[in-house]
Each structure stands twice: as structure tokens, then as C-alpha cells.
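I have placed the structure first, in the form of C-alpha cells, so that the comments after it can refer back to it.
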């Protein structure tokens, strides 16, 4: 395979030079504008397999060596070693090279379409000759061209999204207004579109808003105070710092007030933080509830068997990041027990939507019975949390809005969550057209549907 660089005043002349010197089977590897004209890198006897072997450091075949050896010195002075970046890592695919050649030859009459090169055996070459190793490097010009194309594509997409949103505001002003108000709640764009699609739009914007909020309330599931009503064995899981231990104390205190003392037991699997165990033991002494520590699955099973006489057993798990490999061990502990354990995820409403989504995906191997939303008193928006629980169809059991035990814990009510979310609108910024275009730039087609 012979690779050569050509310079000409324009693309037509450069392609003509390639055809005259390398024939109709030449393949264009790259092209770019340079001072005074254009530059083309072309290859004769293009062999994708050879590209891959050279990229992997394999020896060059006989045909490749003879092609190089048989080239006159004057022609070899203009030849170049093809850089990896000019054809992509591992060499260009035939389809990609065909597309590049076709696009470059479209403006030239009778431009040849590249054909796959023949194998070395088909060309009649025999034997093997040692060839010098080829060093593959990044071609700065190709890298710069790729980055420029990427930047231009991003700018084009942004412009198109902006135009689509502007058209949507003109053609469907009521829908656009509703999407803006829903976005201020902090809801995910997909949920905003879903709610807007379910609203029968009228000329009254406030009526449309109330209808959308009603649809949002219907998308939020609740569990009707299940833990404090029925008791059982309940485990709270979640990342560190979301308020699991405090929530355990609130549930235990409320259950004791409702059903009487000596009916609750507390268990912790947090063997990583001594402070967490001490905090739970303090709550246990206040409530006159026994506290047990389980370091592994076998110990947890023994503890739960011994506590079968308790009406409510609350398990406080270790606060582990959703990216920590130890999370799998924690979840396996809960699933290995012969005692049925209902599991609830504790989610902080101050967390970003992406973090909440990642947390629930990490819990994908365990069947969640619901979730408990915490830190409602600290959050600036409930939309992120409501979007995630709606997306995963995860019912909300309780909400916590303070540190007081047990006052700051209430059973979840969908209408109350929506009302609190709307009350936080006074702290929310009005989304600009750029942000709306980014989220809803493709809404024109859906609106037309």
C-alpha cells in the first residue's frame, strides 16, 4: 500500500492528480484546506487489514514492502506514513473510506469509486521480506478538524433547538407557557412533556396549570402509613448523610407512642462508623428499645430470628455511596435472611436528579417497597425528587422536614407534596429561552402530532 500527499490549487485539480498518478482505485484518506489551496492524502492498493496490522504493530506483508521498495526515489520523497488519527484508530473501515471518496469526488466528472484492494496472494506476490516498523502518531491537522466539526455540530444543534422552541412558542403559546411553569418546579423535561400532553389546553393559563398539577399528583404513589400501621421487619437503605438513622429514631418513637413500649427493636449493620452505632444506642435508651449490631449476613439472620417477638424491627444500614463496591454486600445481607424484610430507600430532596437516579439504579437488584423523602426543610426544589419517584414508580411512604424526633415525620400525601413543591416556586428562577430550547427544542414535532 502506497500513501502519498498531494497539493493543488483546488479540490478538482488535486483529485485529477490522484487519478492520473494512482489510478481509479486510489482511496482518499484525508483532505484539508492549506495556504494556497488544498491538501489530499491518498492511498493506492488500500488494504484495511494492513492498516489494522500496522496499528497493532504487526510486520508489513511482502506486497507492502515491495510496493515501497519499487517506488522511484522521486515519488517516495512525497510519500507519507499514514497517521492513525487520519484514518481513525485501528484504520478506516471500507464503508467510511467509500463515503469519504464519494463526497470528495461528487463535484468531479467521471470520478472513480474506490474498490476494495486485492489480497497479496491475488496480486501474485510470494515470500516475505522484512519491513521497517511503522510508527503511528496523531496528525494534529486531523485532530483539529475533528474538534472543529464537533464544535460546529454543537452550534448547529443549539441553533436548531432555539429555532424550534421559538416556533413552538408562536404556534402553541399555551403549551409553551405550561412547560415553562412546570420546568420552574424542577421537574425533568420528559415528565414536563408528559404532563403537558395530558392536559386539555384551554385559553385560561391558570386552569391549565391546575390541571397539570393534578396530573402530577396522580403520578406520585404513596403507601398510606404502612410501616407504623402494620409493623414488621423494615430496613432503610441509602447513601451516607441522607438521614437514615434519624428517620429510624422517628419511626421507632412514633410506633412506641401509637402501640406502646417494648414492641420495637433496633438493628444496625453499620460496622464502619462507631458514631452511628452510638447515636442509635442513645435513641434505644430513650425509647427503652434493644439495639443490636450485625456485622455480616449470618449475624443479621440470627438477630432477626431472636427478635421475632417484636412488632416492629427497624434496620439501620450503613451509609454507603451508590458507587461503593460494599453496597452489594449490604444489599446481599438484607436478601439472605429467612425473615421477610421490607426495604425502603431514604432519598434526600436536596440531591440532584442525576444523583437520585444513580442511587435508585444502584438499588436495582433489590425489590424496594417504597421510599422516604428527607430534608424537605432544606431543599430549594422538590421537582428533582418527584421526577425520580415518578420515573421509577416508587411509592413515597413518609416525608421528613426537620431534625425533631418524632415530630418532623409525616405520612406522605401526593397532594401535599405537590403543594409544597408549588410553594417553593418563589425561590425558583425563571428558565430562559436558551434553557427551554435545550430541554424542549424538539417539541414542535410532538405538538404537531
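The values are calculated or read from the model by the stated rules, or taken from the named source; none is laboratory data. Predicted, not measured: the structure shown is a model, and the values here were computed from it. Cβ coordinates were reconstructed from backbone atoms using ideal geometry, including for glycine residues, and neighbour counts include every protein chain displayed.
List of remarks:
- Scanning the stretch 377-392 for residues that are surrounded by fewer than 22 Cβ atoms within 10 Å (Cβ to Cβ), under 19 Å from residue 411 (Cα atoms) and touching a residue at least 40 places away in the same chain (Cβ under 8 Å) returns a single hit, 390.
- The lone criterion from (1) modelled with pLDDT of 90 or more; (2) closer than 21 Å to residue 401 by Cα left unmet by residue 313 is number (2).
- The residues on offer are 354, 345, and the sole one that is assigned by TED's automatic domain parsing to the domain that holds residue 305, without any contact (Cβ under 8 Å) to a residue 12 or more places away in the chain and under 26 Å from residue 192 (Cβ atoms) is 354.
- Scanning the stretch 367-376 for residues that are more than 17 Å from residue 424 (Cβ to Cβ), in contact (Cβ under 8 Å) with a residue 60 or more places away in the chain and in a loop (DSSP other than H, G, I, E, B) gives a single hit, 369.
- Contacts under 9 angstrom Cβ, first residue in the stretch 287-301 being touching a residue at least 40 places away in the same chain (Cβ under 8 Å), partner buried (at least 16 other Cβ atoms within 10 Å of the Cβ) and not in a loop (DSSP other than H, G, I, E, B), 6 or more apart: 297/333; 297/334
- Residue 412 crowded, with 17+ Cβ neighbours inside 10 Å, touching a residue at least 60 places away in the same chain (Cβ under 8 Å) and out of contact with any helix residue (DSSP H, G or I) (no Cβ under 8 Å at 6 or more places or on another chain): yes
- Test: residue in the stretch 262-272 that is buried (at least 17 other Cβ atoms within 10 Å of the Cβ), farther than 23 Å from residue 376 by Cα and without any contact (Cβ under 8 Å) to a residue 40 or more places away in the chain: no
- Unmet criterion (only one of (1) at pLDDT 90 or above; (2) part of a strand (DSSP E or B)) for residue 394: (2)
- Residues satisfying the criterion are absent from the stretch 183-197 (criterion: buried (at least 20 other Cβ atoms within 10 Å of the Cβ), over 25 Å from the mean Cα position of the chain (by Cα) and not in a helix (DSSP H, G or I)).
- In summary, residue 407 fulfils each of the numbered conditions (1) free of Cβ contacts under 8 Å to residues at least 24 places away in the same chain; (2) not in a loop (DSSP other than H, G, I, E, B) with the single exception of condition (2).
Table: residues versus (1) farther than 29 Å from residue 365 by Cβ; (2) at pLDDT below 85; (3) in the same structural domain as residue 342 (by TED's automatic domain parsing).
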| residue | (1), (2), (3) |
| --- | --- |
| 243 | no, no, yes |
| 268 | no, no, yes |
| 277 | no, yes, yes |
| 290 | yes, no, yes |
| 309 | yes, no, yes |
| 321 | no, yes, yes |
